[in-house]
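S.K.: First the structure, which I've put down as structure tokens, then a few questions once you've had a look.
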Amino acid sequence: MLMPTNAAEALCAYQLQTKPSEFAGVKTALLRFVVPAWNGTDPSGCKMTAQDRQTALRFLADVSLVQLQNALDTQLTVFERLDVGKHSRAVYRSYLKRFLEWCREQDWMPDASFSDPVQPASETISVHQFKHPNGKGLKVRSKVTGRQQKAAYALGAVLGDIISPKLQQQLDAFDQFAQAQLKLRPYPLQISKTLLLQCLGWLHRYEGVPLNELCLETLVTVVPLKQRLADFTHTSGEPDPLAYAAAKAMAMESAEQEGRKTIKLIERYLNFVDGALGTYVEIIKTVTRVAKFLYDSQTNAILYDYYEDIPVIQQLRQLAADLKRARQGEPAQVPYERKSVAWEQALTVLFELKRLADLDVRYAKDASKQDGYRVQPRRAKGIGMSYQQFLSLGFFMVIPPDRSRTFYELELDRTLRWGYFQDGLFVAIEDREDPSAAWYIHLQAEDYKTGAAHGEYWGKVLNAEFADGTCFYDYIQRWLTEFRPLFQPEHPFFFVQRNGKPLLKNALYARLRYFFQKLVAVPVTPKELRRMYVTQLYAEGASEAEKEAAACAMHHSRKMQASVYNQLDQIRMTAPIYTFNEQAFSDFLKQKPDDA
């Protein structure tokens, strides 16, 4: 399940997994007893009209998940304003609580289940706010592009959307085709499916295509290209090669014309999206995959490789190439410094998460106490979540940072293994206290993006030692033996949600981005951590051997390392030569001229 970006998408996701009666109660709890306080309006009568509901639903698309966390407090103000009876209050408060708790279980609200500590007046200690104060919210997600976030428009993201049986059959068949024929791995396939639903939603909401008419051919029109000579004969019954050739030429011309229409449609969609070049390329890849699916029976795989005989596919490839050339050299839409920090600053975030994991008490406000607070033990699950948060960032920093998929799919005894190497072979052992053993990341080719090029990979996890004498392995061990079992997971994955299920792929991204935004006011993502690490390597003057090893550990080429991941700015890159010139000039001035 993809992480929603607003309350409307979260509500839609909840609808897909709950009973209609339950969903109806949650919808009323939100639309009638929460939204009016947010948008400053009241329903037109005692009961909500259809227009009231549609207005409220549209408004929810602009409500962030952070704001949604405060819905229970907001609901109380609406209860008071409308003078809602005690029984109704209890009913709709219960509905809302169940919905919010479900959202928390999906790990969409990373800190919502913790408590409020308060710094004691009589002691100088460092405290951490484990949840939002009532009525206030800390910013979790932030737009760094400066563009206005669009209301949800993907097919299925808005209440009332339907997917016709024909389209659903096509989507299922496309899924199978992409895996079997195109050999797409789960993650790029999921990206394509998400982008496809967004494109179909745009066709419906902005191009006016009715829901019951939406199909993949709405995006890419199919023109029959295969002709049989046996279908073209003279009146005598003899084959007519000229008519056959003319029919083939006309079909190809028609396919080219329809392809141009598809290109115009995609160009309009790209203008609507108004995104980065990488986004445009992924969209075009998705449409190209749809075209391959639709034209699979029309291509001549014997004479042509890679669907080179299908006009629309060639036109889509040309569109992607033209976009890349046109935008080559353009500055990034979001400058590197607005989404990254120095590696040393990232380490301070790691140490802060470690400190939070080490806290076993919280400080709660209590006016009856002399100092205005009372000390309470933290719940074990709360400490366990802090351990997860520390380890989530720790794995990115104690080894050369891998792509986030490696860590949200981290699997005990498969991709995370305990043991040692002997004569070039890995020996797995059970004893987690054995000092000769270590933790290793073990990836097969299918486990990571560039696995086809780089193959099997082993990487040792550094047992980093901290100033207080603890080590990184201590936290792994305590998480596995003490805290992870509290969530009762029924799977081998290292990280878990609050409900014990495997961590969602977007949750790790959101978790790291949130803590960097909160602690250093910069929304650093896993991808930027990789760039920050490589930039640090170059800034510190790493040797060629060290750069080569880093590229291997991070599963990319040296060319990619230098051109994409290294963000060392021009001033720092040219500093050595300016230092050299300054020293040379100084040395020259110190020399006495031969002729005074």
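S.K.: Determine, yes or no, whether Asp358 is open to solvent by 50 Å² or more (accessible area, probe 1.4 Å) and of a type outside the set (Val, Ile, Thr).
M.R.: yes
S.K.: Kindly indicate which of Ser543, Ser557 is at pLDDT below 90, hydroxyl-bearing (Ser, Thr, Tyr) and exposed (fewer than 14 other Cβ atoms within 10 Å of the Cβ).
M.R.: Selected residue: Ser543, the only one of Ser543, Ser557 that is at pLDDT below 90, hydroxyl-bearing (Ser, Thr, Tyr) and exposed (fewer than 14 other Cβ atoms within 10 Å of the Cβ).
A quick yes/no check of all residues on (1) touching an Asp or Glu at 6+ places or on another chain (Cβ under 9 Å); (2) among the hydroxyl-bearing types (Ser, Thr, Tyr); (3) assigned to a helix (DSSP H, G or I); (4) free of Cβ contacts under 8 Å to residues at least 40 places away in the same chain:
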| site | (1), (2), (3), (4) |
| --- | --- |
| Leu189 | yes, no, yes, yes |
| Thr194 | no, yes, yes, no |
| His204 | yes, no, yes, no |
| Val209 | no, no, no, yes |
| Asn212 | no, no, yes, no |
| Ala230 | no, no, yes, yes |
| Thr235 | no, yes, no, yes |
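S.K.: To continue, here is another question. From the list Asp111, Asp83, Asp107, pick out the single residue that is at pLDDT 75 or above, among the charged types (D, E, K, R) and out of contact with any Asp or Glu (no Cβ under 9 Å at 6 or more places or on another chain).
M.R.: Only one candidate passes the filter, namely Asp83.
S.K.: Would you say Val524 is open to solvent by less than 50 Å² (accessible area, probe 1.4 Å), at pLDDT 90 or above, under 23 Å from the mean Cα position of the chain (by Cα) and closer than 27 Å to Trp343 by Cβ?
M.R.: The answer is yes for Val524.
S.K.: Given the criterion touching a helix residue (DSSP H, G or I) at 6+ places or on another chain (Cβ under 6 Å) and open to solvent by 30 Å² or more (accessible area, probe 1.4 Å), identify the matching residue among Pro400, Pro435, Pro377.
M.R.: The conditions single out Pro400.
S.K.: For region 18-77, which positions are of a type in the set (Lys, Arg), assigned to a helix (DSSP H, G or I), under 29 Å from the mean Cα position of the chain (by Cα) and at pLDDT below 85?
M.R.: Passing the criteria: only Arg58.
S.K.: Being farther than 27 Å from Arg403 by Cα, in a helix (DSSP H, G or I) and open to solvent by 40 Å² or more (accessible area, probe 1.4 Å) narrows it down to one residue among Gln370, Gln314, Gln345; which is it?
M.R.: The match here is Gln314.
S.K.: Pick from Glu253, Glu258, Glu217: which is in contact (Cβ under 8 Å) with a residue 24 or more places away in the chain, open to solvent by 50 Å² or more (accessible area, probe 1.4 Å) and in a helix (DSSP H, G or I)?
M.R.: Among Glu253, Glu258, Glu217, only Glu217 is in contact (Cβ under 8 Å) with a residue 24 or more places away in the chain, open to solvent by 50 Å² or more (accessible area, probe 1.4 Å) and in a helix (DSSP H, G or I).
S.K.: I'd like to check something: does region 324-339 contain any residue that is under 30 Å from Leu277 (Cα atoms), among the hydrophobic types (A, V, I, L, M, F, W, C) and in a loop (DSSP other than H, G, I, E, B)? Don't jump to the end; show me each part of the working.
M.R.: Here is the first cut: in region 324-339, the ones under 30 Å from Leu277 (Cα atoms) are 324-339.
Remaining after also requiring among the hydrophobic types (A, V, I, L, M, F, W, C): 326, 332, 334.
Narrowing the set further to residues that are in a loop (DSSP other than H, G, I, E, B) leaves 332, 334.
Yes; the residues of region 324-339 include at least one that is under 30 Å from Leu277 (Cα atoms), among the hydrophobic types (A, V, I, L, M, F, W, C) and in a loop (DSSP other than H, G, I, E, B).
S.K.: Any residue in region 384-405 that is part of a loop (DSSP other than H, G, I, E, B) and over 22 Å from the mean Cα position of the chain (by Cα)? Quick ask: steps written out before the conclusion?
M.R.: First pass over region 384-405, keeping only residues part of a loop (DSSP other than H, G, I, E, B): 399-403.
Restricting the remaining residues to those that are over 22 Å from the mean Cα position of the chain (by Cα) gives none.
No, there is no match, as no residue in region 384-405 is part of a loop (DSSP other than H, G, I, E, B) and over 22 Å from the mean Cα position of the chain (by Cα).
S.K.: Now for a different question. Can you tell me which residue in region 1-17 is surrounded by the most Cβ atoms within 10 Å (Cβ to Cβ), limited to those that are of a type in the set (A, V, I, L, M) and assigned to a helix (DSSP H, G or I)?
M.R.: The extreme case among them is Ala7.
S.K.: Further, regarding this structure: Pick out the one residue from Tyr473, Tyr457, Tyr538 that is of a type in the set (Phe, Trp, Tyr) and farther than 24 Å from Tyr440 by Cβ.
M.R.: Working: Tyr473 fails: farther than 24 Å from Tyr440 by Cβ; Tyr457 fails: farther than 24 Å from Tyr440 by Cβ.
Only one candidate passes the filter, namely Tyr538.
S.K.: Go through region 447-506 and give me each residue that's in contact with a Leu (Cβ under 6 Å, 6 or more places away or on another chain) and either open to solvent by 50 Å² or more (accessible area, probe 1.4 Å) or on the phi > 0 side of the Ramachandran plot (or both).
M.R.: Scanning region 447-506 gives a single hit, Pro492.
S.K.: Also, quick follow-up: Out of all the residues in region 163-176, which are assigned to a helix (DSSP H, G or I) and closer than 19 Å to Leu214 by Cβ?
M.R.: Pro165, Lys166, Leu167, Gln168, Gln169, Gln170, Leu171, Asp172, Ala173, Phe174, Asp175, listed by residue number.
S.K.: Within region 273-301, track down each residue that is farther than 15 Å from Leu196 by Cα and among the aromatic types (Phe, Trp, Tyr).
M.R.: Answer for region 273-301, where residues must be farther than 15 Å from Leu196 by Cα and among the aromatic types (Phe, Trp, Tyr): just Tyr295.
S.K.: Going by the conditions given, is Val427 surrounded by fewer than 18 Cβ atoms within 10 Å (Cβ to Cβ), among the aliphatic types (A, V, I, L, M) and under 28 Å from Gln517 (Cα atoms)?
M.R.: Here the answer is no, as Val427 does not meet what is asked.
S.K.: Inspect all residues belonging to region 410-422 and state whether any of them is open to solvent by 40 Å² or more (accessible area, probe 1.4 Å), out of contact with any Ser or Thr (no Cβ under 8 Å at 6 or more places or on another chain) and more than 25 Å from Phe487 (Cβ to Cβ).
M.R.: Scanning region 410-422, I find at least one residue that is open to solvent by 40 Å² or more (accessible area, probe 1.4 Å), out of contact with any Ser or Thr (no Cβ under 8 Å at 6 or more places or on another chain) and more than 25 Å from Phe487 (Cβ to Cβ), so the answer is yes.
S.K.: Let me ask something additional. Between residues in region 506-532 that are more than 18 Å from Trp108 (Cβ to Cβ) and residues that are among the charged types (D, E, K, R) and in a helix (DSSP H, G or I), which pairs lie under 8 Å by C-beta distance while being six or more apart or on different chains?
M.R.: What qualifies is Leu519/Glu352; Val522/Arg338; Val524/Arg513.
S.K.: Please work out which residue is nearest to His204 (Cα to Cα), limiting yourself to region 232-250 and to residues that are exposed (fewer than 12 other Cβ atoms within 10 Å of the Cβ) and polar (S, T, N, Q). Don't jump to the end; show me each part of the working.
M.R.: Initial filter on region 232-250 (exposed (fewer than 12 other Cβ atoms within 10 Å of the Cβ)): 234-238, 241-242, 249.
With polar (S, T, N, Q) added as a condition, the list becomes 235-236.
Working: Thr235: 48, Ser236: 51 Å.
Looking at the filtered set, the residue picked out is Thr235.
S.K.: Which numbered condition trips up Leu229, out of (1) over 25 Å from the mean Cα position of the chain (by Cα); (2) open to solvent by less than 30 Å² (accessible area, probe 1.4 Å)?
M.R.: That leaves (2) as the condition not met.
S.K.: Which of the residues that make up region 266-280 are hydrophobic (A, V, I, L, M, F, W, C) and open to solvent by less than 20 Å² (accessible area, probe 1.4 Å)? Steps first, please.
M.R.: Here is the first cut: in region 266-280, the ones hydrophobic (A, V, I, L, M, F, W, C) are 266, 270, 272-273, 276-277.
Of everything in region 266-280, those that are hydrophobic (A, V, I, L, M, F, W, C) and open to solvent by less than 20 Å² (accessible area, probe 1.4 Å) turn out to be Ile266, Leu270.
The values are calculated or read from the model by the stated rules, or taken from the named source; none is laboratory data. Note that the coordinates shown come from a computational prediction; the quantities given were computed from them, not determined experimentally. Don't worry about glycine lacking a Cβ; one is built from the backbone with ideal geometry, like all the others, and counts go over all protein chains shown. Quick note on the areas: whole protein, heavy atoms, side chains included, nothing else; ligands and nucleic acids left out. Shrake-Rupley method; radii C 1.70, N 1.55, O 1.52, S 1.80 Å.
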